[in-house]
Amino acid sequence: MLSQVAEGVSVQESEFCKTNTVVVQGAAGVLLVDPGVLDAELVALANDLRESGQPVMAGFSTHPHWDHLLWHPSLGTAPRYGTIRGAAAIRARLADPGFESLLARMIPPDIAEQVPRDLLGLIAGLPAETARIPWDGPDIRIIEHQAHAAGHAALLIEERGILVAGDMLSDALIPLLDVMTAADPIEDYLAALDLLEGVAGDVDVVIPGHGSVGGADQVRARIEQDRAYVRALRDGGTPADPRIGPSATFDWMHGVHERQLQQLAERSQRDGTAGWRPPDRDAVTPPRTDRVR
Ligand SMILES: [Zn+2]
């Protein structure tokens, strides 16, 4: 079930939301990025690795959302990392007595029984100045930015020409902004895309958290597509985006888009900082109190 995307780098796609588990070959074992999602898939992955004599040496979660924080006992007890902000965010949630019920609302009921939760989110935060994942394998650069979630990180495996993008640069998912906690969800997202564009020249393969693995031509195309979507949100236009059109990979993505518009409008109304203006407004920023009717 593992498919190789470059020398020493493979991907296993989950049935849930085309989630990608990334397996990077190191000197004496592998690093797993965002292993998921269903119990049977994680067991199959562990079996594959065991049969090929590859112990799990480390894990990394690109961001603190449930589908990127999973683990399974059969994968062993290797250290699991995330950014310091990502780890702090999930630690706070795990300490919240209401977390179980929140999780129950987030995990779709049809797969809830199949998602292993016991080891969810048990990651250590790497100090902010950490440039690379500490492990014995190819250098993996951590490119942290504020976009989809607190402490979201993309990973650049320079010597393999691979960008692991977390929940950005997907052909299936629209940009999902951190509407609730970002200082400025739209501008933060655009800044993150600029950051990824800065390394795009070294990238031959982009692996999104959900969706298809893209080749060299896809890296800039996906950055542009994400940027166009976010700019349309900012400018009050209607994004012409295939991910929410009739040929969308997920037919529910259009509903997600509508909900995102709604949340941005609510946030804008609340504090006037979301940078979003309702359609039919001219480009001049109206006074705060007038931003949303
Ligand atoms: Zn995700």
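Descriptive notes on the structure:
- Residue within the range 64-76 that is of a type in the set (D, E, K, R), closer than 20 Å to Thr19 by Cα, within 15 Å of the ligand (Cβ to nearest atom) and in contact (Cβ under 8 Å) with a residue 40 or more places away in the chain present: yes
- Test: residue in the range 59-81 that is surrounded by 15 or more Cβ atoms within 10 Å (Cβ to Cβ) and basic (Lys, Arg): yes
- Flag for Ala248 being among the small types (Gly, Ala, Ser), surrounded by 15 or more Cβ atoms within 10 Å (Cβ to Cβ) and part of a helix (DSSP H, G or I): no
- Taking the criterion of being within 17 Å of Ser10 (Cβ to Cβ), small (Gly, Ala, Ser) and part of a loop (DSSP other than H, G, I, E, B), the residues of the range 35-77 that qualify are Gly36, Ser52, Gly53.
- For the range 10-40, the tally of residues that are within 16 Å of the ligand (Cβ to nearest atom), in contact (Cβ under 8 Å) with a residue 60 or more places away in the chain and β-branched (Val, Ile, Thr) stands at 5.
- When the range 53-63 is limited to residues that are of a type in the set (S, T, N, Q) and closer than 19 Å to Ala88 by Cα, the one that is nearest to the ligand (Cβ to nearest atom) turns out to be Thr62.
Bear in mind that the values in this text are calculations on the coordinates, not laboratory data. Bear in mind that the values here come from a model prediction, so they are computed numbers and not experimental data. Glycine also receives a Cβ, built like all others from the backbone with ideal geometry; neighbour counts cover every protein chain displayed.
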